[in-house]
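Worksheet for the structure shown next.
Every read-out reported here was derived from the displayed coordinates using simple, explicitly stated rules and does not represent laboratory data. Just so we're clear, the structure is a prediction, and the values are computed from it rather than from any experiment. A quick note on method: Cβ atoms are made from the backbone with ideal geometry, for glycine too, and the neighbour counts reach across all protein chains shown.
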Amino acid sequence: MMTTPKIYLVSCVSKKRSELSAAKDLYISDWFFKARAYVEATSSPWFILSAEYGLVNPDQIVPPYERTLNTMGVAERRSWADRVCRQLELQLPNPCAVTILAGMRYREFIMDFLRRHASSVDVPLEGLRIGEQLGWFASRQ
């Protein structure tokens, strides 16, 4: 029986290196290190939800930036989400299961798109505080 391909979407974080880096190396918070280790252990494809660049391949070389969805207004977040959905259309295998490791601001306007285009959508960290999220990752290593 063929299994449905799965991809992971991981949000960017504010703590970054100060030099041009592969996206997977740009973000340097404890949360991102744990999220990256978790998704890489699955051997599934994954992408970063970047407030500056939209959907980013982890190996893509990007400069550091200061933008965050947490300070954007609703219209700007909708515009960002539209961009991400257009980028996702090119990346999602059909059918595909999607797991999102990202906060509400990063999910809010892409969830409808994902529910329409993915066979399943999982948000395992939903409702968990940061310490609980770190614990969730630690329990799965």
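A few notes on this one:
- Placing a label point 7 Å from the Cα of Met111 along the Cα-to-Cβ direction, the residues of segment 37-76 whose backbone N falls under 19 Å of that point are 49-50, 69-76.
- Near the amide H of Leu101, within less than 5 Å, lie the amide hydrogens of Leu9, Val10, Ser11, all on another chain or at least 5 residues away, with H placed in the peptide plane.
- Under 5 Å between amide hydrogens, built in the peptide plane, is the criterion, and for Trp46 it picks out Tyr8 among residues at least 5 positions away or on other chains.
- Relative exposure of Tyr65, Tyr8, judged by other C-beta atoms within 10 Å (fewest first): Tyr65, Tyr8
- Average projected area [Cα convex hull, the chain], square nanometres: 8.5 nm²
- Projecting label points 7 angstrom from Cα along Cα→Cβ for Trp136 and Ser119 puts them 2.3 nm apart.
- Based on DSSP H segments of at least four residues, each scored -39500 (n - 2.57), the chain has a per-residue ellipticity at 222 nm of -11000 deg cm²/dmol.
- Candidates Ala75, Ala102, Ala23, ranked by Gaussian network fluctuation over the chain, Cα under 10 Å, top entry: Ala75
- The chain, relative contact order [Cα under 8 Å, separation at least 6], %: 28 percent
- Order of Leu92, Leu101, Leu20 - criterion: other Cβ atoms within 10 Å of each residue's Cβ, fewest first: Leu20, Leu92, Leu101
- The slack in the chain from Asn94 to Asp25, taken as 0.36 nm per residue of separation less the alpha-carbon distance, amounts to 22.0 nm.
- Spacing of the modelled spin labels on Met104 and Arg129, each 7 Å from Cα toward Cβ, amounts to 1.6 nm.
- Residue order, fewest to most surrounding Cβ atoms within 10 angstrom, among Thr71, Thr42, Thr99: Thr71, Thr42, Thr99
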